[in-house]
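Down below is the structure, laid out as structure tokens.
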Amino acid sequence: MTEARKINPWLKAALEFGPLILFFLVFSRFRDHAVTLAGRDYSGFILATLVFIPALVLTTLALWRLTGRLSPMQIATLVLVVVFGGLSVWLNDPKFFKMKPTIIYLIFAGLLGLSLALRRNWLQLVMSEALPMSAEGWRILTLRMLALFLALAAANEAVWRLLSETAWVNFKTFGLPAIMVVFFVANARLFERHAQPRDGE
């Protein structure tokens, strides 16, 4: 596997989170207004989705050019955003874009579960360079991430179906990234307990 090239971490963060922040800003500015494009009225949510799709395409391509690699999650996210975001814009219906996180979390939960059933830890194959751990450590982390993805899928469904559009945008923009950060911080002891030396160390 080709080793990813290192880039400035601030630039990497800007490229990864920039489209999401742009979506939030456009939605916040236009959430109470209808915008007419090509003779058709769109809500602020649909307008934000319309801006988000090309922004994500461009930043993903930039990450690929700069690092020489995209993770499976980045590729899957891009495909689902284009498909479900495109459906939301085309049909002028926000529910397709709101369902996208649910679908991607279920896909990854399914893949993790399948990897455990086949006794081939795909999470370890993808992340072992960045996080060297024992096989048992990866098995535990995979089980925990599987449970996390199922919980996030359920949470996304509950928020977009039961709460306001603004609540869902806040949840996606700030809640989901915060949950992921908390998850990895909470697993710090697992990483320490099962850590293995990196190659060459």
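Key figures
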{"item": "Anisotropy class of the stretch 30-113 from Cα gyration tensor, a/c 1.5 cut", "result": "oblate"}
{"item": "Residue order, fewest to most beta carbons within 10 Å, for E192, E165", "result": "E192, E165"}
{"item": "Estimated distance in nm for a label pair at K95 and I21, the labels positioned 7 Å out from Cα along Cα-to-Cβ", "result": "3.4"}
{"item": "At least 30 Å along the helix axis (C-alpha) and Kyte average at least 0.5, DSSP helices within the chain", "result": "9-30, 44-67, 95-117, 135-162"}
{"item": "Selected from K172, K12, K98 as most flexible by GNM, with the chain as the system and alpha-carbon contacts under 10 Å", "result": "K12"}
{"item": "Centroid-to-centroid separation of the stretch 90-140 and the stretch 30-89 [C-alpha atoms, Å]", "result": "21"}
{"item": "Taking N as its residue count, the alpha carbon Rg of the chain over 2.2 N^0.38 Å", "result": "1.12"}
{"item": "Lys pairs, the chain - Cα-Cα below 22 angstrom, 8 or more residues apart or on other chains", "result": "4"}
{"item": "Trypsin sites (Lys or Arg not before Pro) within the stretch 47-97: DSSP coil, no more than 14 neighbouring Cβ in 10 Å", "result": "R69"}
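All of the numbers you see were taken from the coordinates with simple rules; none came from a lab. What you see is a predicted model; the values in this text were computed from it and never measured. Neighbour counts run over all protein chains shown; Cβ positions are idealised from the backbone, glycine included.
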